[in-house]
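Everything below concerns the one structure shown next.
The values are calculated or read from the model by the stated rules, or taken from the named source; none is laboratory data. All values reported here derive from a predicted model rather than from experimental measurement. No Cβ is skipped: glycine too gets one built from the backbone with ideal geometry, and neighbour counts run over all protein chains shown. The area values use the complete protein model at the heavy-atom level, side chains included, leaving out ligands, DNA and RNA. Shrake-Rupley method; radii C 1.70, N 1.55, O 1.52, S 1.80 Å.
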Amino acid sequence: MIGDGSLRPALEEFVAQHNLTDRITFLGDQLDVHSYLEKSDVFVLLSDWEVLPISIIEAMRIGLPIVATNVGGVKELVVDHDNGFLVEREDKELLKLRLHHLLMDAALSKKMGNASERRYLQHFTFTPMYQKTLMVYQQAVSELVKKGD
């Protein structure tokens, strides 16, 4: 697990109690997240609040299937059942089911990972981001000009 936060001690205790210490490592904050993502099979982001998480964009760039809580702007990145799964914050059973699907079905995982990479390339590389930003500015200027008439 990459990152840090107030829940880390509780998570470490949970991992120890369930004899998962040989399978889950707490890495804390990392500068080279890319190298860890390249070694991953699935990207999971379980947040109570997000705007537009760059971490999901980074996972999409690598071509990972994603499981994330359906909060804030996450649904603009993760299309449920396409490049990953969205789950509600308190739905632990659905979370387990979705993770199980991705971990046990290599074809599904690969399909969703490919969809993530395609979505990244179509929407989040420089050219489409530049074009979208330019369009927003052009619309704003157009509205200002109309109001000035």
Hey, for a label at L7 modelled as a point 7 Å past Cα toward Cβ, could you say which residues of the range 69-86 have their backbone N under 15 Å away?
69-72
At 7 Å along the Cα-to-beta-carbon direction for both K110 and M135, put a label point, then send me their distance in nm to one decimal.
3.4
According to the Cα gyration tensor, what semi-axes, each the square root of 5 times an eigenvalue, does the equivalent ellipsoid of the range 1-99 have, listed from largest to smallest in whole Å?
21, 17, 13
Cβ under 15 Å from L102's Cβ, L102 left aside: what net charge do those residues give with Lys, Arg +1 and Asp, Glu -1?
0
Find the accessible area per residue for the chain; the probe is 1.4 Å, ligands and nucleic acids are left out, and the unit is Å².
69
Trypsin sites (Lys or Arg not before Pro) lying in DSSP loop within the range 48-149, provided at most 15 other Cβ fall within 10 Å
R89
Using label points projected 7 Å from each Cα along Cα→Cβ, tell me how many nm separate S142 and F14, to one decimal.
4.7
In a shell of Cβ-Cβ distance under 15 Å around D41, excluding D41 itself, what net charge do Lys and Arg (+1) and Asp and Glu (-1) give?
+2
Counting only protein heavy atoms with a 1.4 Å probe and every protein chain in place, the carbon and sulfur fraction of the accessible surface of the range 66-149 in whole percent equals 58
Using all Cα-Cα distances in the range 28-149, what percent lands in each 10 angstrom bin from 0 up to the longest?
13, 37, 29, 12, 7, 2, 0
Taking every DSSP bridge whose two residues both lie in the chain, the antiparallel percent to the nearest 5 is 10
